[in-house]
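Every number in this text was worked out from the coordinates using simple rules, so none of it is lab data. Note that the coordinates shown come from a computational prediction; the quantities given were computed from them, not determined experimentally. Heads up, the Cβs are rebuilt from the backbone with ideal geometry, glycines too, and the neighbour counts pull from every protein chain shown.
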Amino acid sequence: MAGQASSGHDEDAAEVPAFRWVLRGIAGIISVPPFVLVSAFIGFGALARDTGLGLGHTVFMTGMVWALPSQIVLIGAVAAGTGIAATMAAVALSAVRLLPMTMSILPLMRGEKTSRALLMVLSHYIAVTAWVEAMRKLPHMPRAARVPYFAGFGTTLVLLNLGAVSAGYLMAAAVPPHIAAGLAFLTPVYFLISLSAAAQLTADRAALVFGLVLGPVFHLVEPEFDLMWTGLVAGLAAYLVHRWRRGR
Amino acid sequence: MNESFWSIATPWWPYLFILIAGWAATDVWRFVGVMLSDRLTEDSEALILVRSIATALVAGVISKLVIFPGGALVGAPLALRLAAVAAGMGFFWGVRRNLFLGILVAEVVLIGGWLFI
């Protein structure tokens, strides 16, 4: 918030050293979406403990995957004892959305001299929250400020949530079962509401509804590859609805 | 390649499992996104299809978490879990489009309803 207030097009980036933009990115963490993400990761920590994962596994997974929907798919597969190849396929399918997200944020972020290696490293931070915040704030900043700002913001967001996921994991063991259930419940509620709010196109909305219905169905019919089948069948059906609606 | 997270009893295997099935499977898209960022547009047909598949997959996981949960959530009746989700969604879309309040409503219905039963 602090960064947004003091950074307009009129400010000459050359006058503000890069590390000041890193600091503004760190301060940018104080806003609503990161707070909601922290509560979701507290919930994920509780969920991971319910699944039987160790604290180290949970923290490592959060840092390395850094995409809550994919992490939920991953621990869903872990809970079911799914083989590594089928797990990887399901996680990769759930993460395809990172491709268009990365592709749409990069033109905003890169300057003429930004190295591709640096962008590769920073791209790891791209997930829903960082993406939404970057799309909202970066256009109002001088171009030279955007990479340092995003680096400060993304690093802080990841570190904060490594703490959140640990706190959720440890809390789940210490609180009464009602509260532990409430913590684990944060994840599906958070995703259902935010996915429905983000669904702009007919295709997105249909995919959400079809996926909600077919997920449990495939779980009963084809437990080993249920996630993949849900994604492929419901996603393709949603796309066909989108084509059909547009074609009329 | 049929080994699961649990099937090799060494401390390092779960971490390798996470690296292969988790990290590689997600960062590959980010890296490809960086490589392709100056070629495709976000509203191209291929990307709409790809996003539909991703959305449906996550939606399937969400409803599985609500309908077939593990751990502590099993103790709450299915009808209560569904009512809590419906209350959160209903509040968000019907009363105020505030994500935090929507989640709060769902949690109050779940925990409050459970204590009331």
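Scan the stretch A:13-48 for residues that are among the basic types (Lys, Arg) and buried (at least 24 other Cβ atoms within 10 Å of the Cβ) and report the count. Of the residues in that region, 1 qualify. In the stretch B:75-99, of all residues being loosely packed, with under 15 Cβ neighbours inside 10 Å and among the hydrophobic types (A, V, I, L, M, F, W, C), the one that is farthest from A:Asp50 (Cα to Cα) corresponds to B:Val95. What do you reckon, is A:Leu106 touching a Ser or Thr at 6+ places or on another chain (Cβ under 6 Å) and in a helix (DSSP H, G or I)? When the stated conditions are applied, A:Leu106 passes them.
With the requirement that a residue be small (Gly, Ala, Ser) and touching a residue at least 24 places away in the same chain (Cβ under 8 Å), what does the stretch A:169-197 give you?
Step one: filter the stretch A:169-197 for residues small (Gly, Ala, Ser), giving A:172-174, A:180-182, A:184, A:194, A:196-197.
Correct list: A:Ala172, A:Ala173, A:Ala180, A:Ala184, A:Ser194.
For the stretch A:58-108, the tally of residues that are β-branched (Val, Ile, Thr), free of Cβ contacts under 8 Å to residues at least 60 places away in the same chain and more than 7 Å from every other protein chain (Cβ to nearest Cβ) stands at 2.
Here B:Ala86, B:Ala72, B:Ala54 are screened, and the one residue that is more than 7 Å from chain A (Cβ to nearest Cβ) and free of Cβ contacts under 8 Å to residues at least 24 places away in the same chain is B:Ala86. Just one of the listed residues (B:Phe5, B:Phe31) is in a loop (DSSP other than H, G, I, E, B), within 7 Å of another protein chain (Cβ to nearest Cβ) and either of a type in the set (Phe, Trp, Tyr) or without any contact (Cβ under 8 Å) to a residue 12 or more places away in the chain (or both), namely B:Phe5. Answer with yes or no whether A:Ala117 is over 29 Å from B:Arg97 (Cα atoms), surrounded by fewer than 17 Cβ atoms within 10 Å (Cβ to Cβ), away from every other protein chain (no Cβ under 11 Å) and without any contact (Cβ under 8 Å) to a residue 12 or more places away in the chain. Criteria not met by A:Ala117.
Could you list, in sequence order, the residues of the stretch A:44-57 that are in contact (Cβ under 8 Å) with a residue 24 or more places away in the chain and either aliphatic (A, V, I, L, M) or on the phi < 0 side of the Ramachandran plot (or both)?
A:Phe44, A:Gly45, A:Ala46, A:Leu47, A:Ala48, A:Arg49, A:Asp50, A:Thr51, A:Leu53, A:Leu55
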